[in-house]
Structures are given as structure tokens and as C-alpha cells.
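Accompanying notes for the structure given below.
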Amino acid sequence: MRLHREAHARSGNPVNALGQAIAQQQFNALVDVMTYEELYEYFGGPSMPEGMSEEVMESLPTAKVAWQDGAATVTGRQVGECAICLEGFARGEKVRELPQCCHVFHQACVDRWLRMHNACPLCRTALGTHPGTGCA
């Protein structure tokens, strides 16, 4: 009997196809309302290193945003916006420039990320425990 049901299910039975379509539609609706964190928790994602220790995180360099020629700059390089919160940088704001890849983020934004992942949130470069070569 089981073999008969399996063969029937594979034969293009319209009832089975309808059931699959409804299930797919319900699944799509569920995914549409899930947050990024819920999706990541449920489906997983690329393997990411575990979070960074507070001690290592505090050793990462910080800088203050300056304003030069009408644009935000960090250590002399023009920066656009924080890729985590998508907000621009304000003059005098404290940021972290990750030493391995030189990406710049609001300190509060990237510290929250680094507590969960030991990698750059933008390029996924592993940060490790050693400082990078520097960004100039």
C-alpha cells in the first residue's frame, strides 16, 4: 500500500500538487515575516567564527570622525555610512576601523556584531586575535 501511495504521489496527482503549492505558499509567507536573526537561526548560514572576547575587542583601534572637504573622514580616508545600521557618520563620532580589512563602522554597531561573530560584518574577513597591518 505504501509503495502505491508513493508511486501515486510521484505520478503528478493534482491533489498532491495542490498540497505542495499550498505548503510552499505558506512557507513563503512565513519567511517573508521573519527577521534576519530568525532566518539565520532557523536556516543557518555560512559558518562564522564565534564571537570576539571583550578583551580583544577593546584592543581594536577606535577613531573619531572628522569632516574634510564636506565629507566624513576617518584617519584621512573618506567614509560613507555604517554598513550595519546604514546611517551616515557624524563629526566627532567614535568608530572602529577593523585592522584586517580597514572597514569602518559605528563603534556601538560593530561591537554588538563582534560579540557574536569574530569577522568583519561586510567582507567576512576573520579578525583573529592579532592586529592587522593597519589602514592608511
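Provide the per-residue ³J(HN,Hα) series for the range 50-65, in order, calculated from phi with Karplus coefficients 6.51, -1.76, 1.60 and θ = phi - 60°, each as a whole number of Hz, with x at glycine and proline positions.
For the range 50-65, the Karplus curve yields 4, x, 8, 6, 4, 4, 5, 4, 5, 7, 5, x, 10, 8, 10, 6 Hz.
Provide the net charge surrounding residue 65, with neighbours chosen by a C-beta distance below 9 Å and charges set as Lys +1, Arg +1, Asp -1, Glu -1.
+2
If you add up the charges near residue 54, with Lys and Arg at +1 and Asp and Glu at -1, over every other residue whose beta carbon is less than 13 angstrom from its beta carbon, what do you get?
-1
With a 10 Å radius around each residue's Cβ, average the other Cβ atoms per peptide and rank 118-124, 94-100, highest first.
Working: 118-124: 17.3, 94-100: 18.9.
Per-residue Cβ counts within 10 Å, averaged per peptide and sorted highest first, yield 94-100, 118-124.
Using the Karplus curve 6.51 cos²θ - 1.76 cosθ + 1.60 with θ = phi - 60°, work out ³J(HN,Hα) for each residue of the range 86-99 in order, rounded to whole Hz, and write x for Gly and Pro.
Once θ is set to phi - 60°, the couplings for the range 86-99 become 6, 9, x, 9, 9, 4, x, 5, 8, 10, 10, 10, 5, x Hz.
Non-local amide H neighbours of residue 119 (under 5 Å, H modeled in plane, Pro and chain starts lacking H): which ones?
When sequence neighbours closer than 5 places are left aside, the close amide H contacts are 127.
Determine the relative contact order of the range 48-136: mean sequence separation of Cα pairs under 8 Å and six or more apart, normalised by residue count, in whole percent.
Relative CO of the range 48-136 lands at 32 percent.
Read-outs: derived from the displayed coordinates by stated rules, not from any lab. Here the structure is a predicted model, which means the values were calculated and not measured. Don't worry about glycine lacking a Cβ; one is built from the backbone with ideal geometry, like all the others, and counts go over all protein chains shown.
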